[in-house]
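Q: To start, I am sharing the structure in question, which I have written as structure tokens.
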Amino acid sequence: MRDTTANHYERAFENWLIDNHIKYVSMDEHKRAVFDQTEIKSFDFLLYLPDDRIVIAEVKGRKFTGTSLQGLVGLECWVTAEDVDGLAAWQQAFGEGHKAFFVFAYKMDNIDFDPDGREVLEFENNKYVFLAVALDDYVKYMKRRSPKWKTVTLPAEKFRQCAVEIRALLL
């Protein structure tokens, strides 16, 4: 496992990938690519799935302070407009056969919580649940969250409709 990043959400997700024998390449988040003289925010992982699909993954770490994941209530799923634009540019640059996803890595703040049947990863004395939303779905349903901070989010019902467990997506 790489330990070049201080981001525990990415380290936890990478640990899940290793545990599940998913081939991947991690990207250097401090570098940006340039297409047509425009800097594009890098993504976090390029995943090579057993069925030959390739996933462009941007990991977004969020805390969950609730006590149950039933109904996926109380899960933050905001991203920046730059995140959306960057993933869209990468998906287009890589072309057919590559699909971009936001991977929301939720760190459970409550020691005693009900995962409602979802897979929980225990890593570095924390518990994580991973849910993914396809970029195309995110773009289709996103709403402005904060003009000042240039963030967008999904309405709760759309998040519940589009979010899939990482295992269902990757295995």
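The values are calculated or read from the model by the stated rules, or taken from the named source; none is laboratory data. Since the model is a prediction, treat every value here as computed from it, not as a measurement. Neighbour counts are summed over all protein chains in view; Cβ atoms, including those assigned to glycine, are modelled from backbone coordinates with ideal geometry.
Q: Suppose the filter is under 26 Å from residue 95 (Cβ atoms) and part of a strand (DSSP E or B); does residue 129 pass it?
A: Working: under 26 Å from residue 95 (Cβ atoms): no; part of a strand (DSSP E or B): yes.
Considered against the rule, which asks whether it is under 26 Å from residue 95 (Cβ atoms) and part of a strand (DSSP E or B), residue 129 comes out as no.
Q: So which residues in the range 109-155 are acidic (Asp, Glu) and either surrounded by 11 or more Cβ atoms within 10 Å (Cβ to Cβ) or at pLDDT 95 or above (or both)?
A: We begin by selecting, within the range 109-155, every residue acidic (Asp, Glu); these are 109, 112, 114, 116, 119, 122, 124, 136-137.
Passing the criteria: 109, 114, 116, 119, 122, 124, 136, 137.
Q: State whether one or more residues within the range 109-128 are within 18 Å of residue 79 (Cα to Cα), of a type in the set (A, V, I, L, M, F, W, C), touching a residue at least 12 places away in the same chain (Cβ under 8 Å) and in contact with a strand residue (DSSP E or B) (Cβ under 6 Å, 6 or more places away or on another chain).
A: Looking through the range 109-128, none of the residues is within 18 Å of residue 79 (Cα to Cα), of a type in the set (A, V, I, L, M, F, W, C), touching a residue at least 12 places away in the same chain (Cβ under 8 Å) and in contact with a strand residue (DSSP E or B) (Cβ under 6 Å, 6 or more places away or on another chain).
Q: Can I ask one more? Scan the range 99-108 residue by residue and report those that are over 16 Å from residue 68 (Cβ atoms) and either of a type in the set (A, V, I, L, M, F, W, C) or without any contact (Cβ under 8 Å) to a residue 12 or more places away in the chain (or both). I'd like the intermediate steps shown before the answer.
A: At the first step, the residues of the range 99-108 found to be over 16 Å from residue 68 (Cβ atoms) are 99-105.
Of everything in the range 99-108, those that are over 16 Å from residue 68 (Cβ atoms) and either of a type in the set (A, V, I, L, M, F, W, C) or without any contact (Cβ under 8 Å) to a residue 12 or more places away in the chain (or both) turn out to be 100, 101, 102, 103, 104, 105.
Q: Answer yes if at least one residue in the range 134-142 is among the small types (Gly, Ala, Ser), touching a residue at least 24 places away in the same chain (Cβ under 8 Å) and assigned to a strand (DSSP E or B), and no otherwise.
A: At the first step, the residues of the range 134-142 found to be among the small types (Gly, Ala, Ser) are 134.
Applying the additional criterion that residues be touching a residue at least 24 places away in the same chain (Cβ under 8 Å) yields 134.
If we keep only those that are assigned to a strand (DSSP E or B) too, we end up with 134.
Yes, the range 134-142 contains at least one residue that is among the small types (Gly, Ala, Ser), touching a residue at least 24 places away in the same chain (Cβ under 8 Å) and assigned to a strand (DSSP E or B).
Q: Please go through the range 156-167 and pick out each residue that is at pLDDT 95 or above and not aromatic (Phe, Trp, Tyr).
A: Selection gives 156, 157, 158, 160, 161, 162, 163, 164, 165, 166.
Q: Oh, and also: Do we find that residue 96 is out of contact with any Pro (no Cβ under 7 Å at 6 or more places or on another chain), surrounded by fewer than 19 Cβ atoms within 10 Å (Cβ to Cβ), under 25 Å from residue 52 (Cβ atoms) and not polar (S, T, N, Q) in this structure?
A: yes
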